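Structure first, commentary second.
What follows draws every value from the coordinates through simple rules; no lab data is involved. Quick caveat: nothing in here was measured; it's all calculated off a predicted structure. All Cβ positions, even for glycine, are placed from backbone atoms using ideal geometry, and neighbour counts span all protein chains on display.
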């Protein structure tokens, strides 16, 4: 089924992007030098927000139709979807906690980066396991349970989500270009 292969190719490529965003967070933590700095906190916060934005506006919308079709198809599929949803909620909680901890760096109320390391380490491990389950278990369940017509609906919804992604990117590009306009007749660098 071509629609199924195309849908999973898109989802897996996004999983690669999520893994690379997780790696940026991990690299920022590894490279830090004591004492914890506001610069590092700002960098980590930017990486976390980029990951959250990608997850919520680009990746998650592409799976909505597939999840709706899969729900209640089989007890095993329902358990898997419930577990994946719980993991997603836990990942969101962990990132919210990390952002709260990062906001305290430099304000004198933070406790260094030990707690941030712990929270982000737990998030990374959970998110990587979650992505692996989507790539293996969810893929297997969809192959067993979805018909060719349902795959066509999934592929169509992914195509529409990609069109919306492209529109958002064009809008961001225009905004960036508008802010890069020279103010005093000089060159943009």
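Working carefully through the options 80, 51, find the one that is in a helix (DSSP H, G or I), more than 20 Å from residue 154 (Cα to Cα) and in contact with a helix residue (DSSP H, G or I) (Cβ under 6 Å, 6 or more places away or on another chain).
Selected residue: 51, the only one of 80, 51 that is in a helix (DSSP H, G or I), more than 20 Å from residue 154 (Cα to Cα) and in contact with a helix residue (DSSP H, G or I) (Cβ under 6 Å, 6 or more places away or on another chain).
Determine the pairs where a residue that is on the phi > 0 side of the Ramachandran plot, located within segment 128-153, has a partner that is part of a helix (DSSP H, G or I) with Cβ atoms under 8 Å apart, the partner being 6 or more residues away or on another chain.
So the pair list comes out empty.
From 53, 42, which residue is more than 9 Å from the chain's Cα centre (by Cα) and either surrounded by fewer than 15 Cβ atoms within 10 Å (Cβ to Cβ) or without any contact (Cβ under 8 Å) to a residue 12 or more places away in the chain (or both)?
After applying the criteria, what remains is 42.
Go through segment 4-26 and give me each residue that's surrounded by 12 or more Cβ atoms within 10 Å (Cβ to Cβ) and either closer than 17 Å to residue 122 by Cα or in contact with a strand residue (DSSP E or B) (Cβ under 7 Å, 6 or more places away or on another chain) (or both).
Scanning segment 4-26 gives 18, 19, 21, 22, 23, 24, 25, 26.
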